[in-house]
1. In region B:185-206, how many are away from chain A (no Cβ under 14 Å) and either under 18 Å from residue B:247 (Cα atoms) or surrounded by 14 or more Cβ atoms within 10 Å (Cβ to Cβ) (or both)?
2. Which of the residues belonging to region A:63-80 are in contact with a helix residue (DSSP H, G or I) (Cβ under 8 Å, 6 or more places away or on another chain), crowded, with 24+ Cβ neighbours inside 10 Å and within 12 Å of another protein chain (Cβ to nearest Cβ)?
3. With respect to residue A:108, determine if the residue is within 26 Å of residue B:323 (Cα to Cα), in contact with a strand residue (DSSP E or B) (Cβ under 7 Å, 6 or more places away or on another chain), in contact (Cβ under 8 Å) with a residue 60 or more places away in the chain and outside the structural domain of residue A:228 (by TED's automatic domain parsing).
4. Out of (1) more than 11 Å from chain B (Cβ to nearest Cβ); (2) modelled with pLDDT of 85 or more, the odd one out for residue A:6 is which?
5. Taking the stated definitions as given, is residue B:339 touching a strand residue (DSSP E or B) at 6+ places or on another chain (Cβ under 6 Å) and either facing another protein chain (nearest Cβ under 10 Å) or without any contact (Cβ under 8 Å) to a residue 24 or more places away in the chain (or both)?
6. So residue B:315 passes all but one of these: (1) within 11 Å of chain A (Cβ to nearest Cβ); (2) in a loop (DSSP other than H, G, I, E, B); (3) surrounded by 19 or more Cβ atoms within 10 Å (Cβ to Cβ). Which condition number does it fail?
């Protein structure tokens, strides 16, 4: 009986010891955050691992909000060093960071992401408002204070100034981040003005909106063949196919690199990441190498590797500004976020 | 009428109806087996036909030049027309190589490197390529400078954003670590709990409650164990997120009830006369368990454990919660390091947009299935070989 007891105690001790000895510094950078930034960040992560002597950082796609929640949990090896976001940090998130001792944060803007509403290049130029797009794709539209099934078959039914073309829209499926952004930036943002009782993001399923898979090349091919159809996809694909397709202006603004990166174009968002300064050197080494590789023109410049992956680079001046701010590790202030 | 029913003649309409019903029922059952079999065949055909191409890969013969420019950026080691064909992964480590070995400066090296994934896909499946590049690739293939070879890299490297470099190795190592921890955690606790409940515990309200709860625990959805693991191991004990330790302990929680239940079944299968015989010889209860009951029930215990581990190995849901579904290209070298596992790797590849990941996904599934079938076959073998019937 005695040896039995001893070994049981030894085993319990061993188990607790193995869990206690965890609080040590890490040698791997930990990154969390947005799934939109994830393909770019993981590209940089791999490049960093292969071209430096640091171990490859780990990167987890948790969504912007999830990433900021983990990031602001506190200081120490158990919390991430960097979080990616496809929107700016909210003041409430900043406050939570401060409360938990994450005081010095550096903000980095890496580029933008725009969503275009494109048609065959043979068609006339077109200007659509977000409200018109909403009425074309929504499952139900407001009529005399009620929501009724979408009755519009032609664009001219929505507004007589629009061409007499059948409504046919090829767009991303619900699993896509582009679809999320489209629903948020086009549908939800104008649904109340358009007469819906609240935010409305249901897309019609009567054949006018066609889920076209994640393959944006296929959408481009189909809108070339079918002149009445519109396609919804990321700006990167428009740029590559300028000769065959062109984009409608939205609310009077053309989707150009310039307009997207300055957010004048309404269906655009900027991409960010946030660095926890307290972790640099103390908790993990190599953050500086990773961050400077990410902010290098080699990555986010107009001819950078990430542009090939679909990133819209910042305009020259803004890029220099952000590169400088990041290099100097300027502290993020609450007033920056409320502007 | 009544006499005919008693004789049970084959012409009796009732009997004929019963025979017909039996035949129909048999046909339905055969149909069910047929459907199940067809699904399995369709599944395997689909996976294998999509995945087998991933085990081969096209390579191109290039000349690497070690000079001033390639010491700064590896791409410059290649001719400019090769830069569009050879994988970027083949050259990016050149600056580090040259730093380690300064003698390389000024030399050249000829070697086979993987081609870019789009070109590999073009050569394998005829996927689209720009016309100019296509001519270039065709010319190289005709002159024998592009060839297809067994893709050893798939088994020796980890995940990559460049599909031509992506491999399953780090996920396989991660799985080993995780299963090792699951085994070390769940096996002793599970077996000891089962021995106590089966051999020592009195039969009262308390032990009955414990029994019912263990049985219920085995039916709890795995995602809930993930949440428990997050709260207990990561938030309370401070185990690093994404680490093999966090994943292994979480899966251990999930496997524990399976091991307890199968161990109890194995112990119960040992006939009582063996225990009574040992008691009659003056053995203590501990000696009975150690020298007689445990040895003869060991095959059953191991079988249950292996099946529990196989189930844990295919699990993904709880691992999402503890952060193991992440981009982790390097194999972990310890239990505190970030790791990923085979099913997580399959999941990651399945969500990549590039065409080349389709075959990687299928190949990953093939590797996962092969390991699972091996584990289950081991369990069957152990049971057949060592199980004793009384």
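The values are calculated or read from the model by the stated rules, or taken from the named source; none is laboratory data. Predicted, not measured: the structure shown is a model, and the values here were computed from it. All Cβ positions, glycine included, derive from the backbone under ideal geometry; neighbour counts span all protein chains shown.
1. As a first pass, look at region B:185-206 and keep what is away from chain A (no Cβ under 14 Å): B:194, B:197-198, B:201-206.
With either under 18 Å from residue B:247 (Cα atoms) or surrounded by 14 or more Cβ atoms within 10 Å (Cβ to Cβ) (or both) added as a condition, the list becomes B:194, B:197-198, B:201.
Final tally of qualifying residues: 4.
2. A:80
3. Details: within 26 Å of residue B:323 (Cα to Cα): yes; in contact with a strand residue (DSSP E or B) (Cβ under 7 Å, 6 or more places away or on another chain): yes; in contact (Cβ under 8 Å) with a residue 60 or more places away in the chain: yes; outside the structural domain of residue A:228 (by TED's automatic domain parsing): yes.
Considered against the rule, which asks whether it is within 26 Å of residue B:323 (Cα to Cα), in contact with a strand residue (DSSP E or B) (Cβ under 7 Å, 6 or more places away or on another chain), in contact (Cβ under 8 Å) with a residue 60 or more places away in the chain and outside the structural domain of residue A:228 (by TED's automatic domain parsing), residue A:108 comes out as yes.
4. Exception for residue A:6: condition (2).
5. Numbers: touching a strand residue (DSSP E or B) at 6+ places or on another chain (Cβ under 6 Å): no; either facing another protein chain (nearest Cβ under 10 Å) or without any contact (Cβ under 8 Å) to a residue 24 or more places away in the chain (or both): yes.
Considered against the rule, which asks whether it is touching a strand residue (DSSP E or B) at 6+ places or on another chain (Cβ under 6 Å) and either facing another protein chain (nearest Cβ under 10 Å) or without any contact (Cβ under 8 Å) to a residue 24 or more places away in the chain (or both), residue B:339 comes out as no.
6. (1) is the only condition that residue B:315 fails.
For every residue, the table says whether it meets (1) assigned by TED's automatic domain parsing to the domain that holds residue A:306; (2) touching a strand residue (DSSP E or B) at 6+ places or on another chain (Cβ under 8 Å).
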residue: A:59; (1), (2): yes, yes
residue: A:79; (1), (2): yes, yes
residue: A:82; (1), (2): yes, yes
residue: A:89; (1), (2): yes, yes
residue: A:120; (1), (2): no, yes
residue: A:124; (1), (2): no, no
residue: A:141; (1), (2): no, yes
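Quick grid of which residues meet (1) over 14 Å from residue B:349 (Cβ atoms); (2) in the same structural domain as residue B:313 (by TED's automatic domain parsing); (3) over 31 Å from the mean Cα position of the chain (by Cα); (4) in contact (Cβ under 8 Å) with a residue 40 or more places away in the chain:
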| position | (1), (2), (3), (4) |
| --- | --- |
| B:121 | yes, no, no, yes |
| B:124 | yes, no, no, yes |
| B:127 | yes, no, no, yes |
| B:156 | yes, no, no, no |
| B:159 | no, no, no, yes |
